[in-house]
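Engineer: Below are the structure tokens for one structure; questions will follow.
Only the coordinates and a few stated rules stand behind these numbers; no lab work does. Not measured: the values here are computed from a predicted model. Note: ideal-geometry Cβ built from the backbone for every residue, glycine included; neighbour counts use all protein chains shown.
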Amino acid sequence: MKKSLFLNENFKILWTSQILQTLANTLLTISVMVNVYKQTNSVLGSGAVLALTSLAGFLSNLYAAKYINSFHTLALLRFVGWSRGVLTLILGGLIVTHFTFSFILLLIVLFVLNFIGAWYAPARMSVVPLIVEKKEYIRANGSLSVVNQILLAGLWGGGGILILLISPFAMILLIMGSFFVSGFLIYKIKLPHKDTTLTVKKKAQPLWSSIYKSPILINITIMDFFEALANAIWSSALLLAFTHDVLGKGEDWWGFINASYFIGAILGGLIVVYLSRILEMKMGYIIALSGLSMGLFTFMFSTTSSGILALIFCLLMGPLYQIRDTCQVTVLQDIIKQSELAKVTAARNIILTPWTGVTYLIMGYLGDMLGVKLVFIFAAALYFGSAILALSSKTLRDYNIKTVTEQESHSIKA
């Protein structure tokens with residue numbers, strides 16, 4: 001990584017804080033799922049953990065989209081870290097307690113913990129433009145993304161083993177400490193006095209006003225709808241069915257395919273960091289190109305019966321799609337007024353989070369009706385459709401972080 005970005009003390013602090021948040025949040029989810037399964041001996045019980053997490057995130061974004069601008073963003077990030085640390089301690093006590101209502105109380109505490117945690121991502125996203133120069137946006141987002149991908153891949157792959165090696169008490173202390181230190185680090189971020197956009201806004205704008213004012217935002221959100229439906233094919237059930245029915249392989253190859261995509265995503269994050277100057281000049285085309293590449297490789301994936309080729313195609317999907325996500329975040333940070341960024345992010349999540357849940361049902365139903373292979377081909381068509389939408393939108397296609405059109409900038413920042 002180039003040194004200039006990491007000479008920025010504020011960015012290093014935020015970067016480290018996110019690492020600790022991801023570490024603590026992932027270990028907490030894995031720990032709770034494992035312990036709930038042990039106590040209830042029920043797959044449904046452990047599955048309820050993920051379902052409750054999703055529900056808490058959705059309801060939290062409903063409130064965040066409306067009220068997040070009522071809080072100082074740095075104070076909010078500190079509160080998220082410290083309160084989750086306290087709730088983790090309570091959760092740990094419930095895990096090792098075996099009285100009658102401990103499971104119900106555990107779910108309640110877990111719901112509150114994830115409800116609070118859902119405010120971290122939109123708040124953190126809105127801080128980046130305040131501590132990083134515009135020319136560093138894409139590299140900053142790439143750096144945050146790649147470390148997040150590495151942690152997620154490593155923790156979900158080896159978290160179960162780590163739980164076996166560390167006592168429940170030590171694990172709770174590790175998770176709680178990570179949350180507390182994450183919040184403390186935010187306390188050390190110092191913003192220039194000229195940055196007043198973190199102050200409370202007295203007159204709130206309508207919830208969706210910042211989205212429908214911007215052609216770029218509308219196009220990106222529609223593209224997200226297409227791609228969320230397409231992305232449902234990579235869910236555990238459909239991908240496992242494809243591995244069995246089309247590739248004729250077992251669960252081990254299902255794991256290899258998942259891992260290959262994570263490796264590709266990590267490579268994509270590194271490419272963003274090192275080629276940020278080139279990418280920022282053609283971000284609109286990069287977003288469209290990622291859709292085309294996903295469509296092409298998904299189609300090739302769906303028509304092969306070779307396990308090796310399937311791994312290669314999945315590996316090749318990772319980099320450009322990761323680059324696309326980073327470019328999209330950078331575009332949003334550039335065109336949205338900073339004081340509206342957290343609210344707009346939460347508002348988009350209100351739409352996209354429940355839709356993502358629905359997509360699994362849609363693709364699962366189509367898989368039963370049409371066969372898993374045709375569903376993957378349908379997903380490839382959706383990726384192509386997303387790319388066509390990006391290319392047909394002049395404002396998005398020609399987007400340049402240094403020369404965003406005055407009309408678009410005015411419409412979203414007015």
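Engineer: Rank by packing, highest mean first: peptides 139-151, 294-306, with packing defined as the count of other Cβ atoms within 10 Å averaged across residues.
Structural biologist: Highest-to-lowest ranking by the protection proxy: 139-151, 294-306.
Engineer: Sorted by packing (mean other beta-carbon atoms within 10 Å per residue), highest first, where do 105-112, 12-19 land? Please list the in-between numbers first.
Structural biologist: Values: 105-112: 17.6, 12-19: 19.5.
The packing order, highest mean first, is 12-19, 105-112.
Engineer: Then there is this: If you take the beta carbon distance between Val181 and Trp355 as r and set R0 to 30 Å, what does 1/(1 + (r/R0)^6) give as a FRET efficiency, to the nearest 0.05? Working shown, then result.
Structural biologist: Numbers: r = 35 Å, r/R0 = 1.16.
Between Val181 and Trp355 the formula returns 0.30.
Engineer: Using the Karplus curve 6.51 cos²θ - 1.76 cosθ + 1.60 with θ = phi - 60°, work out ³J(HN,Hα) for each residue of segment 326-337 in order, rounded to whole Hz, and write x for Gly and Pro.
Structural biologist: 5, 4, 5, 4, 5, 4, 4, 5, 7, 8, 9, 4
Engineer: Hey, how much of the P(r) for segment 113-189 falls beyond 16 Å, as a percent of Cα pairs? The partial results should precede the final answer.
Structural biologist: Numbers: 1962 of 2926 pairs.
Roughly 67 percent, rounded to a whole number.
Engineer: Viscosity 0.692 mPa s, temperature 37 °C: what is the translational diffusion coefficient of segment 264-335 from Stokes-Einstein with a Kirkwood Rh over Cα pairs, rounded to a whole number of µm²/s?
Structural biologist: 259 µm²/s
Engineer: Work out how much length Leu105 to Arg277 would gain on full extension: take 0.36 nm times their residue separation and subtract the Cα-Cα distance, in nm to one decimal.
Structural biologist: Result for the pair: 56.9 nm of gain on full extension.
Engineer: Let me ask something additional. Label-point separation (nm) for Ser83 and Leu162, each offset 7 Å from Cα along Cα-to-Cβ?
Structural biologist: Using points 7 Å along Cα→Cβ, the separation is 2.5 nm.
Engineer: Using every alpha carbon pair in segment 294-395, what percent of pairs falls into each 10 Å bin from 0 up to the bin containing the largest distance?
Structural biologist: Result, from short to long distances: 13, 31, 37, 16, 3, 0 percent.
Engineer: What are the ³J(HN,Hα) values, in whole Hz, obtained from phi via the Karplus relation 6.51 cos²θ - 1.76 cosθ + 1.60 with θ = phi - 60°, for each residue of segment 139-155 in sequence order, with x given for Gly and Pro?
Structural biologist: Using θ = phi - 60°, the values come out as 6, 5, 5, x, 5, 5, 6, 5, 5, 5, 5, 4, 5, 4, 5, x, 6 Hz.
Engineer: What's the magnitude of the charge dipole for segment 217-301 around its Cα centre, counting Lys and Arg as +1 and Asp and Glu as -1 at the beta-carbon? Answer in Debye, nearest 20. Walk me through the numbers before you get to the answer.
Structural biologist: On the way: 3 positive and 6 negative charges, 59 e Å.
Approximately 280 debye in magnitude.
Engineer: Going by average Cβ density within 10 Å per residue, which order do the peptides 22-28, 219-225, 343-349 take, highest to lowest? Write out the running numbers ahead of the final one.
Structural biologist: Numbers: 22-28: 22.3, 219-225: 18.7, 343-349: 24.0.
So the order, starting with the most tightly packed, is 343-349, 22-28, 219-225.
Engineer: Across segment 288-293, in residue order, what do the Karplus-derived ³J(HN,Hα) couplings come to in whole Hz, using 6.51 cos²θ - 1.76 cosθ + 1.60 with θ = phi - 60° and x for Gly and Pro?
Structural biologist: Coupling constants for segment 288-293: 5, 4, 5, x, 4, 5 Hz.
Engineer: Now for a different question. On full extension of the chain, what length is gained from Ser392 through His244, given 0.36 nm per residue of separation minus the C-alpha to C-alpha distance?
Structural biologist: Values: separation 148, 0.36 × 148 = 53.28 nm, distance 3.82 nm.
Stretched out fully, the Ser392 to His244 stretch lengthens by 49.5 nm.
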